[in-house]
Amino acid sequence: MTERSSYEESILKVREQVNFASYVCNGLPLIFWILLFYRIYKLPDRAKYWVLMVICLLMMASLVSSMVYHQLIYTYWDNFYDKDLRHPELMEQILGFQLYTTHMTFNLAEWLFAFTIFTLSCKMEVTKNNLPEHYYNCRLNTANIFVTLFNLIAPAAFWFYAVRGSFKEASIANSIEQVSLAMSCITLIWGICRMVRIVGSKNGIIPKKISIIMHIVAYLFVVPANVTMTMKISY
């Protein structure tokens, strides 16, 4: 072990604090998501809420991956300053994979929630206007496939450029990735506005109020998790 400079010690101290904050900020939402998943799983009609269960699993995977990422990046720099870093390229690939998993699962959970709300609003409109049952299916499926693929590819592009040291391209890929959250936000607001408009014109049109309530509760857990994501530091 080599003697560290005061600068290296200060950097490690900051990363240690960030690592600890990661356990706290990700650990608490993780407990809530586990409890929410358990609550839904214990419902006798849990099959109706399979989408919420998938969202819970995606968020749990994202939060766990985030904690692992911060722990690994602290270990990475600790070994780097000790001149004891072995297989640095492999370590960087692992860090990239953890960051990819964190972003990908989080973005998919956001989109799945927003898409479910919007789909529900479409079903309500179909019921209200006596439209064919599959009136919106083609457009909804096309949008879902496109955004899902985007959520898989955009974080992968960031990972690819980051591990190659192409930080300008990685920054661009990361900026493009934020489009996914913007699309989810727009879709969610659009879906809620459609539901409010339909309910306002015909009370009682919502067939499953409990489903909507549970989705809104799930979104309240997404918000603090999204704030936590802003605490990440790039490797």
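Only the coordinates and a few stated rules stand behind these numbers; no lab work does. Remember, it's a predicted structure, so these values are computed and weren't measured experimentally. As a convention, Cβ positions derive from the backbone with ideal geometry for all residues, glycine included, and neighbour counts pool all protein chains shown.
Ranked for footprinting exposure by Cβ neighbours inside 10 Å, fewest first, 197, 39, 86 give 86, 197, 39. Taking the number of Cβ atoms within 10 Å of each Cβ as an exposure proxy, the fewest-first ranking of 105, 119 is 119, 105. Using the Cβ-Cβ distance between residue 131 and residue 176 with R0 set to 30 Å, the FRET efficiency from 1/(1 + (r/R0)^6) comes to roughly 0.25. The modelled label-to-label distance between residue 7 and residue 38, using points 7 Å beyond Cα along the C-beta direction, is 4.9 nm. Footprinting exposure proxy ranking of 77, 190, 50, fewest other C-beta atoms within 10 angstrom first, gives 50, 190, 77. With all pairs of separate Cα atoms included, the range 102-149 yields a Kirkwood hydrodynamic radius of 11.6 Å. A Förster distance of 35 Å, applied to the separation of the beta-carbon atoms of residue 140 and residue 47, puts the FRET efficiency at 0.95.
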